[in-house]
Each structure stands twice: as structure tokens, then as C-alpha cells.
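> Before I ask anything, let me first share the structure, which is written out below as C-alpha cells.
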Amino acid sequence: MRRLSLVLFGTVICVAQTSAPVEIELMTYAEIHDAIHKNGKTTVLIYNGGTEQRGPQAVLGGHTFIARRAGADIARRLGNALLAPVMPFSPANGHLNENWPGTVTVPTAVYLSVNEAAVASMVTNGFRHIVLMGDHGGAQQELESLAARLDAKFRPKGVRVHFCGAVYRSYGEFNEWLKQNNLPIGTHAGISDTSLLLYLGGSDWIRKDKLVAGSKQNGISGDPRLSTAAIGKTLYERKVSAAVGEIRKMTTAKP
């Protein structure tokens with residue numbers, strides 16, 4: 001009986017913890033209204049994902065899955081933020097190859113136009129701080145420039161638009177950690193990318209029997225064979241913490 005009570009109590013706790021989502025697509029408009037106007041969630045994250053080849057070992061939705069998970073965790077840690085629906089496409093021409101089917105790329109101009117429209121929507125929705133982010137390397141500088149232009153446009157209305165580059169810079173910065181631990185670095189589908197997906201999705205996202213060293217033929221830059229979920233957890237925590245710190249600094253700074 002006591003064991004059953006504990007199980008039921010645990011279930012109640014679980015329901016309570018998941019009853020207040022931060023993902024806009026999982027909320028009603030009434031819940032979003034109250035989150036903004038009653039609970040102070042006046043920051044919204046527009047986090048772009050991507051669909052591209054990630055070597056023979058990883059699912060193509062990696063950037064999008066990471067953005068959804070990290071975006072929600074960043075929003076929760078900020079405490080005053082919600083996460084907009086994650087866009088699954090980005091400029092990814094370099095990965096579009098008939099030998100590696102599945103990649104979806106969009107022109108940079110289209111990518112930026114969608115982000116601009118999303119920002120305008122969030123202004124109408126009542127958010128006061130709008131943060132643009134991209135998990136994919138393509139168009140990082142262009143996204144930052146867009147944020148600056150839209151910030152100037154909407155600032156007279158009391159709305160600030162920011163760019164958070166920490167979520168993508170974390171990949172490059174993590175290479176120093178890999179060097180210090182005598183592990184191979186890589187720029188695409190290597191140990192960092194693969195370990196992160198192992199941590200977040202396990203065998204659902206990574207095919208361990210397909211792990212091979214990188215070559216021009218397989219789409220990998222680096223060597224993912226020493227990837228582990230533990231390495232992925234380290235990278236994930238750095239990624240989320242860096243983003244939270246950068247966003248807090250930007251959204252609390254005086255104009």
C-alpha cells in the first residue's frame with residue numbers, strides 16, 4: 001500500500017511539473033495571455049533548427065530536436081520566457097547532395113523573411129523581448145544583423161529584439177574541451193554533434209553501428225567514434241548555461 005501511495009504521489013508530482021509548458025505550440029491563447037500579463041513571461045525565444053545530413057550515424061532532424069529541447073530548458077531557466085515553434089529549415093546548401101538524401105535547404109532571404117515575420121507576430125502577441133537564435137551554422141551573421149535592424153524598428157514601441165549567438169558558438173568553444181581531453185575535434189557530425197544527440201535521444205537519434213571516421217564520401221568532418229552521452233551532457237549544459245547567461249545580460253541591460 002505504501003509503495004502504491006509513493007507511486008501515485010510521484011505521478012501527481014510529474015503531472016504538476018509538466019502542467020505549465022513553456023512551448024507556445026503546447027499552450028492555448030488564454031494560457032499565453034496569462035503567462036505574459038499575469039506571470040511576467042514577456043520574453044520569447046525564436047530558435048531556428050534545421051534538416052540536414054549528419055553523417056550515416058545521425059538522424060537529419062538533429063538541429064531541430066536540439067533547438068526544441070534546449071529552447072524549452074533555456075526558457076524554464078530564464079523563468080520569464082516562452083519558446084516559439086521551432087522552424088525545421090535553414091540555409092544548408094553545403095549539405096544538399098544526392099548521395100546524402102534528406103537535406104532541406106531554404107534561401108537565406110526566405111529564412112530571414114520567415115524570422116522577420118515571426119518577430120512581427122510576437123510583437124503583436126505582446127512580448128517585450130524577442131530573442132533570435134539558430135542552432136545551424138548557416139546565416140548566423142545575417143540573423144544577428146536582422147535582429148539589430150528589427151530592434152531599431154520596434155524599440156519605439158517598447159519592444160527589444162536580440163540575437164543570442166551562444167547556442168551556436170558553444171559548438172566551436174567546446175573544441176577546446178575536446179583538445180584538453182585528447183579527443184578529436186570536428187566541424188560537422190563529429191564527436192560534439194554525435195555526443196549531443198546521444199545524450200538527448202540515445203539510439204533513437206544515433207545509429208552506433210554506423211559510426212565511422214569522417215571523409216569526403218560520408219559527410220562527416222571529424223571522428224565521432226569516441227562519442228558518448230556523457231560528453232553530450234557536458235556540451236548540452238554548457239550550451240544552455242551560456243545561452244541563459246547571454247540572454248539575461250541582454251534583456252536586463254539598460255538601453
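> Using amide H atoms built in the peptide plane, which far-off residues or other-chain residues are under 5 Å from Val161 H to H?
Ile130, Asp151
> Right, here's the next one. Which ³J(HN,Hα) values, rounded to whole Hz and listed in residue order, are derived for segment 142-151 from phi using the Karplus coefficients 6.51, -1.76 and 1.60 in 6.51 cos²θ - 1.76 cosθ + 1.60 with θ = phi - 60°, glycine and proline given as x?
Once θ is set to phi - 60°, the couplings for segment 142-151 become 5, 5, 5, 5, 4, 4, 5, 5, 6, 4 Hz.
> Looking only at Ser227, Ser241, Ser203, which one moves most when the chain is put into a Gaussian network model with springs between Cα atoms under 10 Å?
Ser203
> Order the peptides 186-197, 212-223 from the highest to the lowest mean number of other Cβ atoms within 10 Å of their residues.
186-197, 212-223
> For the chain, what is the mean residue ellipticity at 222 nm derived from helices alone (per DSSP H run of n ≥ 4: -39500 (n - 2.57); sum divided by total residues; nearest 500 deg cm²/dmol)?
-16500 deg cm²/dmol
> Placing +1 at every Lys and Arg Cβ and -1 at every Asp and Glu Cβ, with all other atoms neutral, what dipole size does the chain have around its Cα centre, in debye to the nearest 20?
Its charge dipole is roughly 740 debye.
> Output the direction-averaged projected area (hull surface divided by four) of the convex hull of the alpha-carbon atoms of segment 22-252, in nm².
12.3
Rule-based calculations on the coordinates, nothing more; no lab input. The structure displayed is predicted, hence computed values, not measured ones. Neighbour counts are summed over all protein chains in view; Cβ atoms, including those assigned to glycine, are modelled from backbone coordinates with ideal geometry.
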